[in-house]
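Here's the structure we're looking at; comments come further down.
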Amino acid sequence: MTQSEPTPGIPAKQILDVQNLTKMFGGVKAQDQISFSIEKGIVCGLIGPNGAGKTTLFNMITGIYQPDAGKVAFNGKDIRKTPAHRLVKAGIARTFQHVELFSSMTLLENILVGMHVRTQAGFWAAVTRIPAMKREERQSRRRAEELLEFTGLCADAHKMAGDLPAGRQKTAQIARALASEPLLLLLDEPAAGLNPVETHALGKLIQKIKQSGITMMLVEHDMSLVMEMSDKVVVLDQGKKLAEGTPRQIQRNEAVMSAYLGNG
Amino acid sequence: MAIKNNYIRIEYLVFLCAVSAFGFVTENTYYLQIMTFIGINTLLGLGLNMLMGYTGQVSLGHAAFYGIGAYTTAILSGTYGINPWLSLVCAVAAAVFIAFIVGLPTLRLSGYYLAMGTLGFGMIVNIVIREWAAVTGGASGFVGIPVLEAGPLIFMSGANYYFLVWGIVFAAMIVCRRLLASRTGRALRAIHDGEKTAVAIGINTHLLKLEIFIFAAALGAVAGFLYAHFVLFISPESFGFMFSIKIVTMVVIGGMASVWGALLGATVLTLLPEVLHGFAEYEMIIFGTVLMVVMIFMPQGLTRGIMDMIRTAGRART
Amino acid sequence: MQEIVQYLFSGITTGAVYAVIAVGLSMLYSSTELINFAHGEFVMIGALVMVTLWVRIGLPLPLAMAGAVGAGCVSGLVFERFAIRTARNPEPITLIIITVGAGIFLKGAAMIIWGKDPFSMPAFSSHESIEIFGAALLPQSIWIVSAALVLAGGIHLFLKQTLTGKAMVACAVNKKAAWLSGIPSEKMGILAFGISTGCGAVAGIFIAPITMSAYDMGTILGLKGFCAAMIGGLGSLWGAFAGGLLLGILESLGAGLISSGLKDAIAFVLLLLILYIRPGGLFAAKEAKRF
């Protein structure tokens, strides 16, 4: 991260600071001057009707898209030009709306791959099997097993990830993201396709993750889940920020209501 | 896990014994020669298997590195009289360097573009070998490659060369296996399953693909070196597009499944022409059919496809 | 000057052949997102069937041409039916190997049918050459270039003016939406395949009198067609056409002014440069997707 410089004037307690972020797709503004910030340790819900630009925003924070204008600062450092894979090392992890586990690998291996940025062994270490590499491998496995226990997936450790039921795949995705030891975790519609029991379990998991000190951003259509989990909610509509506030404030906000009822 | 590891070590031990036993017992130079070619082809298959089978990156120009290895050692040791062992180092270095230069932009491509790029690269190398007659001997080939020697050992008789080649193959298999069981190997397979996701979990996919491309190129150059000092005469046809396809076929047959797949693929493709009389006529039709049929019905490769079929059949019964 | 003009003439002539190959590839890509690595083999089929029907059997020229194009179309359709549509896992890596396998298969079959020796074919018309700036322009060249233009123009009109053509373009833009609006995208794919391999065969007919034709001529021609299509930006019809002409001229100039042995390398070096620098083609503004 050679390009990153501390941005002055941002209090350190904010983990993510987005300012006037704009993204164009062929002349259409997918994101128009979005600004908000997230304090350390909270859960921030991100809601909005379909096409509001939630996933686009995620893609810009995680370095998949480059914004056309505006700023994204992570822990006070500008990350606009940092490549996606370095951002994971810096501490931003995400899950996808559609489950994207590595289907030809076992669940345990998926978690181990998730630790890629926190481990070192390279080509020569692997070939020569130096003690440090073996030690790292042992530690990785132990930690992966801990993570599986934390997410309640122990029984499936040696099953092929592609063979797991959809709900477990969603949880597994979160476990893999946690394996990179993130400071900020972005969850893209984690409850989509889950039944009420699974959604309830997901809520529990999100709380557990929050207790372990990880800041989260949550894109979700399940309003009761968002309102229950979030300390703060940002509402997007048609690429613009419509509102920001506590769940209670958002529930009473008239602009939000009309956007959701289809008048806006 | 420990049990599995031991099991694999036993596999290798059995393999080592079988290969050595064959080398000591067989007096027939023809058989030894065939086995030596199988070994050389296995090296090529192993390299491409890492790139194509595990990482999912097609290369239709792998024969180029085979050619670079063979011609580098031929020119250095044949024309300039450099010690062949030193020229082996140069051959590998040349392949690594070229793979780096070519791979840097090429591996940013994927799918069709990557296939076309590697195919074009293979063609260019072949044209250079063919046209640079003053150095390479051109289309008529390169004569005068010295025989390998190490102290009192002369690697000419069937058995000596056989052991040299299979020793290297064995080492290469161990290296590949260790690589696959490591952090790097997992990341490679992750790229195969989903490159975008791999980036999103923090893998520098471009760097890793480049590393494995260079590794495959180095193995190819070693194979080229062994080939050149074995047959002592090389010509451009041995390193053309058709040979690149042959290596791809080895990987497809061997199944993009395990280190053993490369061995199986190389064995089948080396033996086929020997077993089938008048094979040359039908070589292309057979390769073409094999490639199509396997890919249509078993996109993970023949060995893996058959293994999957057995697994599902077993599951259906229980 | 005279030399340069002469190189230009021969460059434009072979360029027109590359253009037709590229148009076939490009059109298939734009309607099915498939790149057919066996495309060059259909050029070979066109050339060899043409030689057989016209020179060996002695059929009248138009009939022989129709036969050659028909052979290209039919073999393409058979290939589509049995190799492409049956593929269980239609991902690029699988389709690449399938089409490469098909190419090798066709090459091997052609070797058995026609043998290894190359065939030559006389020019279509025996009129005398026209002199321009002291360079000889063969009527053959005019023939080929105009036929290539007519072919590309015909495809252009078909895609822009007819209902079927428009439906095909719709499939290319958004398969699902096209399917939802009742366009049979599978049939469109088959049609595109037939036209594409037919174009290949036409290129084969053109090239037969220019060079020797043999079973192994296809791979390099297919690659050059791909190179031309890439220059023009994959999926763009006139881009592919212009790319073909440009490649033909560059090759002819390079062969004449630098070295004839390196002629083939020019196309590949150009291909790599395009892939690295402008994967979207010389004329395109946006980048091609790389994932």
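Once you average over the residues of A:110-117, how many Cβ atoms of partner chains fall within 10 Å of each Cβ?
Mean shielding by partner chains, rounded to a whole number: 6.
Which helices, counted as full DSSP H runs in chain B, have an axial Cα extent of no less than 18 Å and a Kyte-Doolittle average of 0.5 or above?
Span-like helices here: B:2-25, B:29-48, B:84-106, B:111-131, B:158-180, B:205-231, B:241-254, B:259-275, B:279-297.
Past the 35 angstrom mark, what percentage of all C-alpha to C-alpha distances in chain B do you count?
Percentage above 35 Å: 19.
From Cα pairs below 8 angstrom and at least 6 apart in sequence, can you work out the relative contact order of chain C, rounded to a whole percent?
38
Excluding residues on the same chain fewer than 8 positions from A:LYS232, give the aspartates and glutamates whose Cα lies under 13 Å from its Cα.
Correct list for A:LYS232: A:GLU39, A:GLU244.
Net charge around B:PHE37, counting only other residues with Cβ within less than 14 Å of its Cβ (Lys, Arg = +1; Asp, Glu = -1)? Could you put the intermediate results ahead of the total?
Values: positive: B:LYS246; negative: B:GLU274.
After counting each charged neighbour, the total is 0.
Tell me the net charge near C:ALA110. Cut-off is 11 Å between Cβ atoms, C:ALA110 excluded, with +1 for each Lys or Arg and -1 for each Asp or Glu. Don't skip to the end; give the middle numbers.
Working: positive: C:LYS107, C:LYS116; negative: C:GLU41, C:ASP216.
In short, 0.
Is the C-alpha gyration tensor of the protein assembly as shown telling us rounded, prolate or oblate? Criteria: a/c under 1.5 is rounded; beyond that, a/b larger than b/c is prolate, otherwise oblate.
Here the protein assembly as shown falls in the oblate category.
Considering only DSSP beta bridges where both residues belong to the protein assembly as shown, give the percentage that are antiparallel (nearest 5).
65
Take chain A, connect every pair of alpha-carbon atoms lying under 10 Å apart with a spring to form a Gaussian network, then pick out the residue of A:MET229, A:MET24, A:MET115 with the largest mean-square fluctuation.
Per the Cα network of chain A with a 10 Å cutoff, A:MET24 tops the list.
Restricting to DSSP H runs of at least four residues, report the calculated mean residue ellipticity at 222 nm for chain C, -39500 (n - 2.57) per run over all residues, nearest 500 deg cm²/dmol.
On the way: 11 runs with 199 residues, N = 291.
The helix-only estimate for chain C comes to -23000 deg cm²/dmol at 222 nm.
List the residues of segment B:165-184 that lose 20 Å² or more of accessible area once all protein chains are present, compared with their chain alone (1.4 Å probe, heavy atoms only, no ligands or nucleic acids).
B:VAL175, B:ARG178, B:LEU179, B:ALA181, B:SER182, B:ARG183, B:THR184
How much accessible area does A:LYS40 have with a 1.4 Å probe, in Å² rounded to the nearest 10?
Accessible area, nearest 10 Å²: 110 Å².
Sequence gap at least 6, Cα distance under 8 Å: using those rules, report the relative contact order of segment A:19-66 to the nearest whole percent. Walk me through the numbers before you get to the answer.
On the way: 39 pairs, mean separation 13.1, N = 48.
Computed over segment A:19-66, the figure is 27 percent.
May I ask you to give the solvent-accessible area per residue for the protein assembly as shown, in square angstrom, as obtained with a 1.4 angstrom probe?
That works out to 42 Å² for each residue.
Specify whether the C-alpha gyration tensor of segment B:42-161 places it in the rounded, prolate or oblate class, a ≥ b ≥ c being the square roots of the eigenvalues: rounded for a/c under 1.5, otherwise prolate if a/b is larger than b/c and oblate if not.
prolate
Among the aspartates and glutamates, select those whose C-alpha is under 14 Å from the C-alpha of A:LYS159, and discard any that sit fewer than 8 residues away in the same chain.
A:GLU109, A:GLU145
Using per-residue counts of other Cβ atoms within 10 Å, averaged over each peptide, order C:187-193, C:12-18, B:17-23 from highest down. It would help to have the intermediate numbers written out before the result.
Details: C:187-193: 20.6, C:12-18: 26.6, B:17-23: 13.9.
Descending packing order for the listed peptides: C:12-18, C:187-193, B:17-23.
Where in segment A:42-67 does the amide nitrogen come within less than 19 Å of the point 7 Å from the Cα of A:HIS98, taken along Cα to Cβ?
Counting backbone N atoms under 19 Å from the label point, the list is A:50-60, A:64-65.
Counting only protein heavy atoms, what percent of the accessible surface of chain B is carbon or sulfur at a 1.4 Å probe?
Carbon and sulfur: 70 percent of the exposed surface of chain B.
Considering only Cα-Cα distances, which of the following residue pairs are longer than 27 Å: C:LYS107/C:LYS166; A:LYS89/A:LYS241; B:LYS209/C:LYS176; A:LYS89/A:LYS210?
Details: C:LYS107/C:LYS166 34 Å; A:LYS89/A:LYS241 29 Å; B:LYS209/C:LYS176 33 Å; A:LYS89/A:LYS210 20 Å.
Violating the 27 Å limit, Cα to Cα: C:LYS107/C:LYS166; A:LYS89/A:LYS241; B:LYS209/C:LYS176.
Rank C:PHE82, C:PHE206, C:PHE241 by mean-square fluctuation in a GNM of chain C with C-alpha springs under 10 angstrom and give only the top-ranked residue.
Maximum among the listed residues: C:PHE82.
For A:THR22, what is the net charge nearby, where nearby means another residue's Cβ is under 11 Å from its Cβ and Lys, Arg count +1, Asp, Glu -1?
On the way: positive: A:LYS23, A:LYS29, A:LYS71, A:LYS240; negative: A:ASP32, A:ASP68.
Local charge sum for A:THR22: +2.
What is the extension gain from B:THR29 to B:VAL147, computed as 0.36 nm multiplied by their sequence separation minus the C-alpha to C-alpha distance, in nm to one decimal?
Between B:THR29 and B:VAL147, full extension yields an extra 40.8 nm.
Need one value for B:98-110: mean number of C-beta atoms belonging to other chains within 10 Å of its residues' C-beta atoms.
Values: counts 0, 0, 0, 0, 1, 0, 1, 5, 3, 0, 4, 6, 5.
Partner-chain Cβ atoms within 10 Å, mean over residues of B:98-110: 2.
Would you mind classifying segment C:2-277 by shape? Square roots of the alpha carbon gyration tensor eigenvalues, ordered a ≥ b ≥ c; an a/c under 1.5 is rounded, otherwise it is prolate if a/b is larger than b/c and oblate if not.
The shape class here is prolate.
List the aspartates and glutamates whose Cα lies under 18 Å from the Cα of A:LYS81, skipping any in the same chain that are fewer than 8 positions away.
A:LYS81 reaches A:GLU5, A:ASP17, A:ASP68.
Under 20 Å from the 7 Å Cα→Cβ point of B:TRP260, by amide nitrogen: which residues of segment B:174-193?
Backbone N within reach: B:174-182.
The values are calculated or read from the model by the stated rules, or taken from the named source; none is laboratory data. On a predicted model such as this, the values are computed, not experimentally measured, just so you know. Please note: Cβ atoms are built from the backbone with ideal geometry, for glycine as well, and neighbour counts cover all protein chains shown. Ligands, DNA and RNA are stripped out before the accessible areas are found, and what is left, the full protein with its side chains, is counted by its heavy atoms. Shrake-Rupley method; radii C 1.70, N 1.55, O 1.52, S 1.80 Å.
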